[in-house]
Amino acid sequence: MNDDKVKSLKVRRSSRLTGFYQESPDRRRARLVESRWLAPEDAKACEGLAGFDESCADVMVENVIGLHGLPLAVALNFVVNGEDRLVPMAVEEPSIVAAASYAARLCSEGGGFTVVADPPITTAQVQLLDVPSLTTAVRELRARAPELLAEANALMPGMCARGGGARELEVRLLDSSTLVVHLHVDTCDAMGANLVNSLAEDLAPRLAELSGGRAGLRILTNLADRRKVKVRARVPSGALSSERFRDGGAVRDAILEAQRFAELDVYRAVTHNKGVMNGVDAVLVACGNDWRAVEAGAHAYAAREGTYRPLTSWWKGPEGELCGELELPLATSTVGGAARTHPGVQRALKLAGVTGAVDLAGLAAAAGLATNLSALKALSTDGIQKGHMSLHARRVAAEAGASGELVEIIAERLSRERVYRPERARELLAAEVARRKGGWR
């Protein structure tokens with residue numbers, strides 16, 4: 001290995017890129033190259049939809065008539081299991097990327113995010129109906145579990161060769177004549193939907209024969225509770241202070257009051273969890289994953305005890321710090337699907353330095369805890385609208401026809417007036433253009 005390569009390996013990349021939000025997209029890409037997050041050719045490809053054209057889209061979904069884009073951004077300041085990371089996000093809502101970056105900086109004051117993840121288990125379900133004797137069927141199925149697992153593994157030699165395969169067979173009683181068999185499969189870096197669906201269909205006749213019933217539905221479950229991710233973070237109370245709210249301990253206590261509100265009230269809990277999924281979904285969309293499946297599983301998990309509850313917990317630590325935890329099922333993939341066909345997804349995974357499905361799940365969960373913290377802090381202090389509307393003002397200014405530096409000028413005036421109507425933005429823009437044509441600045 002030559003000296004240049006050795007030096008590049010020793011460089012510690014920082015996710016803290018000061019002033020990044022104030023720069024142009026061109027300059028941001030240049031900074032990512034300078035700080036060795038992106039190779040020059042990848043930065044160039046980020047300028048548009050390089051490699052993603054109608055022919056590529058046409059093999060992804062049906063009835064394609066064109067392309068539809070979302071902004072691709074990076075959240076900064078993330079330290080995950082001791083490593084600086086950039087977090088790719090594809091999202092249309094203003095403030096989510098800024099919120100994640102801000103909260104990640106707060107968490108970095110306490111060491112960043114610590115992630116622990118389960119193995120990538122995807123579960124197939126086979127419904128067995130009209131079972132004549134539940135007791136006999138359950139006993140027979142459980143006794144035959146080793147041979148059924150062997151049959152399943154024989155159907156997926158490729159997955160087994162990669163270290164995956166069927167791990168457990170579970171039998172559950174649903175009513176007086178219905179069973180469901182769960183086949184838990186380690187799918188490595190794949191989400192595994194197609195694989196486990198095929199396994200369920202192939203094994204269903206054998207399961208029906210052993211139970212004496214008939215096979216009903218044969219499909220995976222998106223409640224991936226064998227595939228959970230847990231992420232924790234701590235924020236020193238002093239890091240929570242600001243110019244307007246100088247007492248960080250008081251801010252911490254206000255955040256804890258907001259957490260308690262979500263624990264007591266389902267209406268608040270739903271919005272609380274939406275704030276979590278703001279971060280999770282944005283990462284999954286950027287990385288070409290099935291965010292709808294994760295959403296369904298996350299909300300089901302939130303209601304697993306019979307009452308819908310917040311996915312996060314926040315509490316006061318032994319040194320007065322704010323401590324938080326997020327746990328949710330999170331099935332992700334870094335092979336197959338969009339990761340195989342969409343060049344933008346491939347670039348996002350590369351930018352994030354994703355090493356596999358479990359790593360991606362941890363990164364998405366860290367983003368979810370960050371956006372939740374940012375929302376709770378905003379709600380507990382300035383209110384959620386202050387930061388959100390300042391970013392919304394930029395969108396309104398652009399819609400009115402502003403470009404370049406005029407976007408920031410018009411947005412700042414809209415925010416100062418606290419008026420965000422497009423017609424007012426057009427008035428301000430016309431006045432600014434006229435002033436500049438008049439030659440006085």
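Here is how the numbers come out for the structure above:
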read-out: Residue check, ARG234 closer than 27 Å to GLY356 by Cβ, in contact (Cβ under 8 Å) with a residue 24 or more places away in the chain and touching a strand residue (DSSP E or B) at 6+ places or on another chain (Cβ under 8 Å); value: yes
read-out: Residue within the range 194-213 that is of a type outside the set (Asp, Glu), in a strand (DSSP E or B) and surrounded by fewer than 19 Cβ atoms within 10 Å (Cβ to Cβ) present; value: no
read-out: Candidates LYS350, LYS377, LYS386, filtered to the one that is out of contact with any Gly (no Cβ under 6 Å at 6 or more places or on another chain), more than 25 Å from GLY192 (Cβ to Cβ), modelled with pLDDT of 90 or more and among the basic types (Lys, Arg); value: LYS377
read-out: Matching residues in the range 28-77 - criterion: being hydroxyl-bearing (Ser, Thr, Tyr) and not in a helix (DSSP H, G or I); value: SER35
read-out: Any hit, the range 332-341, residues being in contact with a His (Cβ under 8 Å, 6 or more places away or on another chain) and of a type outside the set (S, T, N, Q); value: no
read-out: GLY158 being over 22 Å from LEU217 (Cβ atoms), exposed (fewer than 15 other Cβ atoms within 10 Å of the Cβ), modelled with pLDDT of 95 or more and within 31 Å of the chain's Cα centre (by Cα); value: yes
read-out: Residue in the range 188-207 that is among the charged types (D, E, K, R), at pLDDT 95 or above, more than 27 Å from ASP290 (Cβ to Cβ) and out of contact with any helix residue (DSSP H, G or I) (no Cβ under 8 Å at 6 or more places or on another chain) present; value: no
read-out: Exclusive hit being assigned to a loop (DSSP other than H, G, I, E, B) and under 13 Å from ILE121 (Cβ atoms), set ALA224, ALA166; value: ALA224
read-out: Any pair with Cβ under 9 angstrom, 6 or more apart, that starts in the range 34-47 at a residue that is farther than 24 Å from ASN77 by Cβ and ends at one that is exposed (fewer than 11 other Cβ atoms within 10 Å of the Cβ); value: GLU47/ASP26
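This table checks each residue for (1) modelled with pLDDT under 95; (2) farther than 19 Å from ARG234 by Cβ; (3) of a type in the set (Asp, Glu); (4) in the same structural domain as GLY353 (by TED's automatic domain parsing).
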{"residue": "GLY66", "(1), (2), (3), (4)": "yes, yes, no, yes"}
{"residue": "PRO71", "(1), (2), (3), (4)": "yes, yes, no, yes"}
{"residue": "PHE78", "(1), (2), (3), (4)": "no, no, no, yes"}
{"residue": "GLY82", "(1), (2), (3), (4)": "no, no, no, yes"}
{"residue": "ARG85", "(1), (2), (3), (4)": "no, no, no, yes"}
{"residue": "GLU93", "(1), (2), (3), (4)": "yes, yes, yes, yes"}
{"residue": "SER101", "(1), (2), (3), (4)": "no, no, no, yes"}
{"residue": "ARG105", "(1), (2), (3), (4)": "no, no, no, yes"}
{"residue": "GLU109", "(1), (2), (3), (4)": "no, no, yes, yes"}
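The values are calculated or read from the model by the stated rules, or taken from the named source; none is laboratory data. As the structure is a computational prediction, the values presented were derived from the model and not from experiment. Because the Cβ atoms are built from the backbone with ideal geometry, glycine has one as well, and the counts that use them run over all protein chains shown.
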